[in-house]
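Colleague: This is the structure, below, for whatever I ask next.
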């Protein structure tokens, strides 16, 4: 066999190998739902500290909330059980990527940037960002947040949403603001942020004076409002949709999206929202 023949043969083998790998990958993707059924349970990431959406009872360990109900309904439709894993804003996408989770249903806001990395279902809940403060702080409106430190959740979009709102209101200078490069950890122009792993920790930090405000979705903040705390009056911005998150190109993506669309159309979602006092 001469060099030209050897090269041609090696090239053909390489192409065959690539084709086989692609075929195997496609087969795996196409058989994802069957694999879940064979396993017997759906691996779902939910939060454990958001009353109304997903909260884990410290005594029984049971998860109770709107998103937990959605997870159970999806699993039921597949004829399998559900295995819950507690996630945070920082881990809910990573664990889907790694395969530790089949799906995350964890107050995950659908954004153009996130859609590049994961598949999201049709939104199952519409919320907006707000700000909670201690009454003793005398912070009443957005302008009062200038030069203050705000507590936010790691991996959330709240810090950017608040910064944009303050820029649009003319409260702070936005000449160096860029959505693509914005980082809450380094932004110091007119307002700064302290990131925490979970909401109870932010609430504790607010009480201790480590931060002067708590910024996240309004439905979550409702849990932490007390007679000594109030919402900033003009802080209602960035309407957003929560969607289920699955791996990009996952067979499960279209399956779950069809379920959400059906439940949205027939009133099932509205019923669950009311049951969990989220309306």
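Colleague: If contacts are Cα pairs under 8 angstrom and at least 6 residues apart, what is the relative contact order of the chain in percent? Write out the running numbers ahead of the final one.
Modeller: Numbers: 455 pairs, mean separation 73.3, N = 279.
For the chain, the relative contact order is 26 percent.
Colleague: Please report the antiparallel percentage of the DSSP beta bridges confined to the range 127-241, to the nearest 5. Show your work: numbers first, answer last.
Modeller: Working: 10 of 17 bridges.
Counting DSSP beta bridges with both partners in the range 127-241, the antiparallel share is about 60 percent.
Colleague: Where is the GNM fluctuation largest for the chain (alpha-carbon springs, 10 angstrom cutoff): 144, 266, 217?
Modeller: The residue with the greatest mean-square fluctuation here is 266.
Colleague: For a quick protection proxy, order the peptides 246-254, 180-188 by their average other-Cβ count within 10 Å, most packed first. All intermediate terms of the calculation are to be shown ahead of the outcome.
Modeller: Details: 246-254: 17.7, 180-188: 11.9.
Final packing ranking: 246-254, 180-188.
Colleague: Could you state the angle between the C-alpha long axis of helix 66-78 and the longest principal axis of the C-alpha atoms of the chain, as a value from 0 to 90 degrees rounded to the nearest 10?
Modeller: Between helix and principal axis, roughly 20 degrees.
Colleague: Please build a GNM for the chain, connecting alpha carbons under 10 Å apart, and tell me which residue among 93, 123, 45 fluctuates the most.
Modeller: Ranking 93, 123, 45 by mean-square fluctuation puts 123 first.
Colleague: To the nearest 10 degrees, how steep is helix 3-30 against the longest Cα principal axis of the chain, on a 0 to 90 scale?
Modeller: Approximately 50 degrees, to the nearest 10.
Colleague: Count the DSSP beta bridges whose two residues both fall in the chain, then state the antiparallel fraction as a percent rounded to the nearest 5. Let's see the in-between values first.
Modeller: Working: 21 of 36 bridges.
Of those bridges, close to 60 percent are antiparallel.
Colleague: Here's something else I'd like to know. Run the helix sum for the chain: -39,500 (n - 2.57) per DSSP H stretch of 4+ residues, divided by residue count, reported at 222 nm to the nearest 500 deg cm²/dmol. Walk me through the numbers on the way to the answer.
Modeller: On the way: 10 runs with 106 residues, N = 279.
-11500 deg cm²/dmol, from helical runs alone.
Colleague: Follow-up. Once a ≥ b ≥ c are taken as the square roots of the eigenvalues of the Cα gyration tensor of the range 108-233, is the result rounded (a/c under 1.5), prolate (a/b larger than b/c) or oblate (a/b not larger than b/c)? Could the numbers behind the result be given before it?
Modeller: On the way: a/c = 1.74, a/b = 1.22, b/c = 1.42.
Oblate, since a/c reaches 1.5 and b/c is not below a/b.
Colleague: Show me the ranking of peptides 273-279, 38-44 by mean Cβ neighbours inside 10 Å, starting with the highest. Walk me through the numbers before you get to the answer.
Modeller: Details: 273-279: 14.1, 38-44: 17.0.
Ranked by mean Cβ neighbours within 10 Å, highest first: 38-44, 273-279.
Colleague: Once the Cα atoms of helix 199-208 and of the chain are each reduced to a long axis, what angle between those two axes, in degrees from 0 to 90 to the nearest 10, is obtained?
Modeller: The two axes meet at around 30 degrees.
Colleague: Using only Cα atoms, locate the centre of the range 149-183 and the centre of the range 202-263, then give the distance between them in Å, rounded to an integer.
Modeller: 16 Å
No value in this document is a laboratory result; all are computed from the given coordinates. Just so we're clear, the structure is a prediction, and the values are computed from it rather than from any experiment. Cβ sites come from the backbone with ideal geometry, for glycine too, and all protein chains shown count toward neighbours.
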